[in-house]
1. Answer yes or no: is there a residue in the range 1-11 that is in contact with a Phe, Trp or Tyr (Cβ under 8 Å, 6 or more places away or on another chain), assigned to a loop (DSSP other than H, G, I, E, B) and modelled with pLDDT of 80 or more.
2. Would you call Ser64 more than 18 Å from the chain's Cα centre (by Cα) and either over 27 Å from Glu97 (Cβ atoms) or not β-branched (Val, Ile, Thr) (or both)?
3. List the pairs whose first member sits in the range 78-98 and is among the small types (Gly, Ala, Ser), whose second member is surrounded by fewer than 14 Cβ atoms within 10 Å (Cβ to Cβ) and at pLDDT 80 or above, and whose Cβ atoms are under 8 Å apart, counting only residues at least 6 apart or on separate chains?
4. Quick one: which helices (runs of 4 or more DSSP H) lie wholly within the range 64-125 and hold at least 2 residues that are surrounded by 13 or more Cβ atoms within 10 Å (Cβ to Cβ) and at pLDDT below 75?
Amino acid sequence: MITTHPTIRVNRVKHSRLPEVDFNNLPFGRVFSDHLLLIEYANGDWKQPQIMPYGNLNLSPATSALHYGQSIFEGMKAHRDINSSDIILFRPEKNAERFNRSAVRMGCPNYLPICSWSRSSNWSN
């Protein structure tokens, strides 16, 4: 079952690492966002999406990805609009397509509402 969530819970970091970023030298895979998106899946349904401070994930030893290699990772790029200060996601529909294509290959459930709520989310300061 796919459930549409109209809002995303947001828990912002207290101190951003953004001032520490050297935008003239952004090595791939070494500079990360202050936040991450977490969406749990349980009992045949995707739960409420939430944006939370970047940090380590707590995993149960019974996590299927550790035993059977079942996991899907899709990173998404975002930037701040210089005119409005809004946060703009880079091609979220392509991100959702890649995620869902991987889900089909893995026999995992799709998550389609990504594009609908990403367009409606306002990250302005």
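The values are calculated or read from the model by the stated rules, or taken from the named source; none is laboratory data. Worth saying up front: this structure is predicted, and the values here are computed from it rather than measured. For neighbour counting, all protein chains shown are included, and Cβ atoms are generated from backbone atoms with ideal geometry for every residue, glycine included.
1. Looking for residues that are in contact with a Phe, Trp or Tyr (Cβ under 8 Å, 6 or more places away or on another chain), assigned to a loop (DSSP other than H, G, I, E, B) and modelled with pLDDT of 80 or more, one finds at least one in the range 1-11, hence yes.
2. In short, yes.
3. Qualifying pairs under 8 Å: Ala78/Ile88; Ala78/Phe90.
4. Counting at least 2 such residues, we get 114-120.
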